[in-house]
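The values are calculated or read from the model by the stated rules, or taken from the named source; none is laboratory data. Remember, it's a predicted structure, so these values are computed and weren't measured experimentally. Every residue, glycine as well, gets a Cβ built from its backbone with ideal geometry; the counts of neighbours run over all protein chains shown. Ligands, DNA and RNA are stripped out before the accessible areas are found, and what is left, the full protein with its side chains, is counted by its heavy atoms. Shrake-Rupley method; radii C 1.70, N 1.55, O 1.52, S 1.80 Å.
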Amino acid sequence: MDITSDTHSQHISQQYNQDLETIKTQLMAMGGLVEKQLQEALAALLEGDSQLAIRVRDNDTSVNDMQLKIDEECVRILARRQPAASDLRLVIAVIRATNDLERMGDEANKIARNALDLIESGRIPQGSVEIRHISEHVRSMLRDSLTAFARFDTELALKVVQEDASVDSEYTTAMRSLATFMMEDSRSIGAVLSVMTVLRALERIGDHADNLAEHVIYLVKGRDIRHTAVEELDREALGRSDKR
């Protein structure tokens, strides 16, 4: 049975309702922090702001702490409430989602570290256009996947899943272009490798946003699509969800 955005507020126990609402709220807060870290890491890189890059680099523990807090709350719910059906799917989806968000935080931290290297080198070489383009796409995927989770919106989640292939294609094209540039100008090798690392981090964040969207579909539809090819997904079957 599909679930809706208010399914988990219909228990006799108000405390149980509150427990489930708490993990959803905490997950959204964690997602917001990761979005901020990614935005600031990219701004530091593209604007040459070393202080901002240092702040992002040194703030990585905040995301890790939030993951631990949410996971502990989920374990407590599993132990005390022994949830079944849609409640169990919610707890599992939240645990999976926190892992993906934590990994995104790691990738944002990686972008900040490479930003510092590039700033110290005095310039951002070939690749800034590619970084801007792919980062806009990836940030949109992250925002949409979090919105889909908040609204239990499988149609939006499916859109994110389908967009991941575009990011992968853009990433491959950019890496080929940078490899050619590096071969033509050996003096740029170090800096271009840092740009490649940033692009790889962005591509990985896109993958994790895709994972978040898949968790939404699992949560609402009870269907695990992690190993299903995109072209095999049925939009009609997966795209109906409550968006209240």
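Listing for the model above:
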item	result
For the chain, Kirkwood radius (reciprocal of mean inverse C-alpha pair distance, Å)	18.9
Whole-percent pair-distance distribution, where bins are 10 Å wide, for the alpha carbons of the stretch 53-159	13, 32, 31, 17, 6, 1
The chain, accessible area per residue, ligands and nucleic acids excluded (1.4 Å, Å²)	47
The chain: most fluctuating residue of SER128, SER194, SER140 per GNM, C-alpha cutoff 10 Å	SER128
Which listed pairs, of LYS24/LYS110; LYS69/LYS159; LYS24/LYS69; LYS36/LYS159, have C-alpha distances above 21 Å, in listed order	LYS24/LYS110; LYS69/LYS159; LYS36/LYS159
Estimated 222 nm signal from helices in the chain, with DSSP H stretches of n ≥ 4 weighted -39500 (n - 2.57), rounded to 500	-28000 deg cm²/dmol
Sites ILE189 and ALA79 - FRET efficiency at Förster radius 51 Å, r taken between beta-carbons, to 0.05	0.45
Most to least accessible of LEU202, LEU46 (protein chains only, probe 1.4 Å)	LEU46, LEU202
Residues of type aspartates and glutamates that LYS221 reaches as a straight line, Cα spacing below 14 Å, ignoring anything fewer than 8 places off in the same chain	ASP2, ASP87, ASP153, GLU155, ASP234, GLU236, ASP242
In sequence order, calculated HN-Hα J values of the stretch 187-197 (Karplus, 6.51, -1.76, 1.60; Hz; x Gly/Pro)	5, 8, 3, x, 5, 5, 4, 5, 5, 4, 5
The chain, accessible surface, carbon-and-sulfur percent (1.4 angstrom probe)	48
Sequence-separation-based contact order of the chain, relative, with Cα cut under 8 Å and 6+ spacing, percent	28
